[in-house]
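One structure is given below, encoded as structure tokens.
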Amino acid sequence: MPAAVPAAAPRTRPRDRKRRIEEAAALAFAQHGYHAVGMQDIAAAVGISAPALYRHFPNKYALFVRTAFTLAHRLVEDTDAAAALPLGTPDEARAALDALVEAVIATTVELRATGGIYRWEGRYLEHDDRELLTSEFRTLRRRFEAAHAGFRPAVAEVDRGLLVLAALSAIASITAHHTTVAARTLRALLAGAAWRALDGSLPSPGSVDAAPPPDPHAEASADQGRRARLIDAAIRQFAARGYNEATIEDIAVAVDLTPSGVYRHFDGKSALLLAACDRAAVSLERAVLRAREEAASPSELMHGLVRAYVAHTFGNLELTRVYFSEIANLAPDEQRRLRALQRAHVADWVAVLQAVRPELGGREAAVLVHAGLGVVADQAPLLSVGDAAAAERLACLVEIVLGVRAAADPA
């Protein structure tokens, strides 16, 4: 009589499978972008089948929404206790503000690898989801503003909003780069940058004497050829809708051409993206060279680099967004070339910052440089492009975060 075959042990679903799916998806979206990631890719990363994945999430968009909201949800949840602290006196308000800063740093460091999804990929959220995400971050900012008002009640509300946003941007900047420093050092750098912003004071708009930022269409007006107009149209489409959502037909219509007319100038959409990124790289390099030519000392060069970058960003908001968010859609060789240019630009800033602040190591300076660039990235789109006072105040704010501008006594 044949031996009895043991019954197979029942397969059990890991209790943390949904969390593992979310973590794998968040990492994939952060590294490759929403459109480049498929459900099969996520399933493979978790070690499950696609049908098993669909038991948890009905489609890729639902999973994307979940991951995009992770940092915002956590930041609100993890600051609940700090937000409940008393604000009755300046000392109490400062303690509450310190607790908020520490909570946001801890959560952002923990979620660093995936926390930046909302920055570039958030445009793929549907309107209602985007509004909900915005409301989450608004709740966080209001918690900081309430504590800051108790700590520094004389600060103008407009300035308070800029100072708080700068502190949060400085912390969030670590989600946009991979510079590694010891955990304790990283937290200290982020706390220092955030507190310089919160303690800082900006010049009043009426006291600013600065040249207006460049006309955002100045470079295009110098070359009104059809090729330049096509690049302009592509930049607008890529910035507004994302590279993967924009079509050659959309770009052609914007310049009164047929799609075949576009192909007479460019091989396709990727060639237009490459031309746009090259334009951004060249334009930024020219701005840096002008700053170098006009500076007589490291301090003057730091001053000039900050203002050159702010002016460049003001003058090329859509181009800057495309340059930093769409490179992953280029061929690998072109990606490496452009990322090398980006790293070289940061390295220039690092060298100058170290010359001004020699106590900083190279990686420490790099963390602060990214913090300053993050302030520009977050605030420039909220300001008027032609407002010279706004541009100068933003430049001053970047200098405060970098620690190269003495903050005035707290108001």
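Summary of values
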{"item": "Spans of helices (runs of 4 or more DSSP H) in segment 56-124 with at least 3 residues farther than 29 Å from Arg152 by Cβ", "result": "60-78, 117-121"}
{"item": "Test for Arg74: is it touching a Leu at 6+ places or on another chain (Cβ under 9 Å), touching a residue at least 12 places away in the same chain (Cβ under 8 Å), in the same structural domain as Ala154 (by TED's automatic domain parsing) and of a type in the set (D, E, K, R)", "result": "yes"}
{"item": "Selection count, segment 125-135, where residues are surrounded by 17 or more Cβ atoms within 10 Å (Cβ to Cβ) and not in a loop (DSSP other than H, G, I, E, B)", "result": "1"}
{"item": "Total residues in segment 287-311, condition free of Cβ contacts under 8 Å to residues at least 60 places away in the same chain and either surrounded by 19 or more Cβ atoms within 10 Å (Cβ to Cβ) or touching a helix residue (DSSP H, G or I) at 6+ places or on another chain (Cβ under 7 Å) (or both)", "result": "11"}
{"item": "Residues of segment 312-337 that turn out to be within 19 Å of Ala30 (Cα to Cα) and either free of Cβ contacts under 8 Å to residues at least 24 places away in the same chain or touching a strand residue (DSSP E or B) at 6+ places or on another chain (Cβ under 8 Å) (or both), as a count", "result": "3"}
{"item": "Output for segment 192-229, where each listed residue is of a type in the set (A, V, I, L, M) and either at pLDDT 95 or above or not in a helix (DSSP H, G or I) (or both)", "result": "Ala193, Ala194, Ala197, Leu198, Leu202, Val208, Ala210, Ala211"}
{"item": "Residue in segment 315-323 that is within 16 Å of Val350 (Cα to Cα), of a type outside the set (Val, Ile, Thr) and surrounded by 21 or more Cβ atoms within 10 Å (Cβ to Cβ) present", "result": "no"}
{"item": "Positions within segment 34-55 being crowded, with 18+ Cβ neighbours inside 10 Å, assigned to a loop (DSSP other than H, G, I, E, B) and not hydroxyl-bearing (Ser, Thr, Tyr), in sequence order", "result": "Val37, Ile48"}
{"item": "Residue match in segment 382-392 (condition: within 18 Å of the chain's Cα centre (by Cα) and of a type outside the set (Asp, Glu))", "result": "yes"}
{"item": "Test: Leu189 is modelled with pLDDT of 95 or more, within 21 Å of Ala380 (Cα to Cα) and buried (at least 16 other Cβ atoms within 10 Å of the Cβ)", "result": "no"}
{"item": "Selection status of Ala340, without any contact (Cβ under 8 Å) to a residue 24 or more places away in the chain, among the aliphatic types (A, V, I, L, M) and surrounded by fewer than 15 Cβ atoms within 10 Å (Cβ to Cβ)", "result": "yes"}
{"item": "Hey, Ala147 outside any loop (DSSP other than H, G, I, E, B), touching a Gly at 6+ places or on another chain (Cβ under 8 Å), hydrophobic (A, V, I, L, M, F, W, C) and farther than 22 Å from Glu326 by Cα or not", "result": "no"}
{"item": "Residue list for segment 237-249, filter: surrounded by fewer than 18 Cβ atoms within 10 Å (Cβ to Cβ) and more than 15 Å from Ala271 (Cβ to Cβ)", "result": "Ala240, Arg241, Asn244, Glu245, Glu249"}
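The values are calculated or read from the model by the stated rules, or taken from the named source; none is laboratory data. Just so you know, these numbers come straight off a predicted model, no measurement behind them. With ideal geometry, Cβ positions are generated from the backbone for all residues, glycine too; neighbour counts draw on all protein chains shown.
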